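Only the coordinates and a few stated rules stand behind these numbers; no lab work does. From a predicted model like this one, the values you see are computed outputs, not experimental measurements. Ideal geometry is used to build each Cβ from the backbone, glycine not excepted, and the neighbour counts take in all protein chains shown.
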Amino acid sequence: MARPKTSIRNEIRVLRFHQGEMTQQDLADEIGVTRQTVNAIEGGKYSPSLEVAFRIAQVFNKPLEDVFRYVVKPAAGWR
Amino acid sequence: MNASFEEKSAWIQLVSMVVTLALYFFVAVRMLAHGVTDLRAFAAVFFVAVMLMVIVLVAGHVVAAIVDRPTDPDERDRLIGWRAESNASWIVAVGVLTAVTGMVLSVENVWIAHVLMVSLFLSSIAKYVFQLVYYRRGT
């Protein structure tokens, strides 16, 4: 039985927009990572550690689940 | 270049390693072809090659630091480094096993030393290549 594919989606781009078009560099400086890492997280290419995820949520003053969503995509043969 | 300081550093280390390896073996292969088997002669060439590598590394990092603000590695940089190292480490293991086999078969020291050195260099080169691939892929 194949396992379902999972991915973590996020609302960082939208939240940055609502934060006065906060730049990736500003967010990176706030949470202590590089701009490239923020870019990778935002693009769904890199799943951050729980600590960084909480720091991002804290910057936007939102609960974690408003920033990140865990999406399960059923794989072929999976019920 | 839309790359972090760590990614630029990986490029610099890859280039310096490849240049050094190429120059060393350009000389070493000719020495071996002329029947030189004294390890001390190769050690001198190796010393010059390592000095050259240090110069390229320092110059490259100084330029990278001038072009872009240097940053400490973050969790993604560390993860990429660990994964790249893990994927490349088997090359050293193969080199060590080949060297041990060579010693059992009484192969000359000069060949044993070069097998170990090549495996060490290739492992480092593979590590930097993996790092750069992971950086381009995002993780």
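Between B:LEU120 and B:VAL104, what length in nm is gained on full extension when 0.36 nm per residue of separation is reduced by their alpha carbon distance? Contour length minus Cα-Cα distance gives 3.7 nm. In region B:54-139, the C-alpha radius of gyration followed by the widest Cα-Cα span (Dmax) gives 17.0, 53 angstrom.
List nothing, just return the count: lysine pairs in the protein assembly as shown, 8 or more apart or interchain, with Cα separation under 19 Å. Lysine pairs, 8 or more places apart or on different chains, close enough: 4. A simple rule links phi to the HN-Hα coupling: the Karplus curve 6.51 cos²θ - 1.76 cosθ + 1.60 with θ = phi - 60°, which for region B:31-48 gives 5, 5, 5, 8, x, 6, 10, 6, 4, 5, 5, 6, 4, 5, 5, 4, 4, 4 Hz, with x for Gly and Pro.
Please give the helix B:75-104 orientation as an angle from the longest Cα principal axis of chain B, in degrees from 0 to 90, rounded to the nearest 10. The helix B:75-104 is inclined about 0 degrees to chain B.
For A:ASN10, the residues whose modelled amide H falls within less than 5 Å of its own, excluding neighbours fewer than 5 places apart on the same chain, are A:ARG69. Between the beta carbons of B:VAL29 and B:GLU75, assuming R0 = 41 Å, the FRET efficiency works out to 0.45 to the nearest 0.05. Working from Cα positions, state the angle (0 to 90°, nearest 10) between the long axis of helix B:109-137 and the longest principal axis of chain B. On a 0 to 90 degree scale, this one is about 20.
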